[in-house]
Amino acid sequence: MELMPKEVRDRIPELYAQEDVKSGDQVVHVKLFDPSGRWTLYATEFDGKDTFFGYVLSPISPDCDEWGYSSLREIQSTRGTLGLPMERDLYFDPIKVKDCNELSHLAVMETL
């Protein structure tokens, strides 16, 4: 499976494009995940070549979840605990962070 086909690359904003968007209103455009574990990247921005910005759900523990940068090359070369390659959720539609069930807690945390 191609993780970032042209139609997906064309719709995801460049890095820093959502920097001034109110917390929780940023749009997640792509969901990449390890089918054998908990690791998931909710990508909000992409430089068009290799670097994503988004929220990562860590396989270690929820305490390790964080906003940050990820490399497409690294994601493509990574295998999960069962040796499976990373996948893109083909049925994931762009959604605001606050409306995404897995991330809605982020918008609430920002307001506390």
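Can you tell me how much longer the chain between TYR16 and LYS49 gets when fully stretched, taken as 0.36 nm per residue apart minus their C-alpha distance, in nm with one decimal?
Numbers: separation 33, 0.36 × 33 = 11.88 nm, distance 1.47 nm.
Value of the extension gain: 10.4 nm.
Find the Cα radius of gyration of the chain, compare it with 2.2 N^0.38 Å by division, and give the number to two decimals. All intermediate terms of the calculation are to be shown ahead of the outcome.
Numbers: Rg = 13.5 Å, N = 112, 2.2 N^0.38 = 13.2 Å.
This ratio for the chain stands at 1.02.
Leaving ligands, DNA and RNA out of it, work out the accessible area of LEU90 with a 1.4 Å probe and give it in Å² to the nearest 10.
Looks like 100 Å² after rounding.
Report the chymotrypsin sites (Phe, Trp or Tyr not before Pro) located in segment 1-69 that are in a DSSP loop and have at most 13 other Cβ atoms inside 10 Å of their Cβ, or state none.
Those that pass, being in a loop and sparsely packed, are TYR16.
Carbon and sulfur: what percent of the chain's accessible surface (1.4 Å probe)? Could the numbers behind the result be given before it?
Numbers: 3390 of 6680 Å².
Using a 1.4 Å probe with all protein chains present, the chain comes out at 51 percent carbon and sulfur.
The values are calculated or read from the model by the stated rules, or taken from the named source; none is laboratory data. All values derive from a computational prediction rather than experimental measurement. Cβ sites come from the backbone with ideal geometry, for glycine too, and all protein chains shown count toward neighbours. Areas reflect the complete protein model, heavy atoms only, side chains present, ligands, DNA and RNA absent. Shrake-Rupley method; radii C 1.70, N 1.55, O 1.52, S 1.80 Å.
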